[in-house]
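These notes are about the structure you will find just below.
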Amino acid sequence: MFIEAKAYAENLTNHAPQLARYFNATPEVAVAAITNGREWRFFTDLKEKI
């Protein structure tokens, strides 16, 4: 799992592409998250709900 932390006031939308690049470059990682401490966004490589 990747977790990327940004400053409290940061807009996560500005940083999601960077996390996507890390995530796509590391196929053994199945879950990633980005947070600024007040908002969390989670990403997964799953194509179907389980």
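Summary of computed values
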| read-out | value |
| --- | --- |
| C-alpha long axis of helix 16-25 to longest principal axis of the chain, angle in ° | 30 degrees |
| Rotationally averaged projected area of segment 2-44 (alpha carbon convex hull; nm²) | 2.6 nm² |
| Estimated [θ] at 222 nm from DSSP helical runs (n ≥ 4, -39500 (n - 2.57)) normalised by residues in the chain, nearest 500 | -6000 deg cm²/dmol |
| Sites matching GluC sites (Glu not before Pro) across the chain that sit in DSSP coil, with at most 13 neighbouring C-beta atoms within 10 Å | Glu28, Glu39, Glu48 |
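Taken together, the values in this text are just the output of simple stated rules run on the coordinates, not laboratory data. Here the structure is a predicted model, which means the values were calculated and not measured. Glycine also receives a Cβ, built like all others from the backbone with ideal geometry; neighbour counts cover every protein chain displayed.
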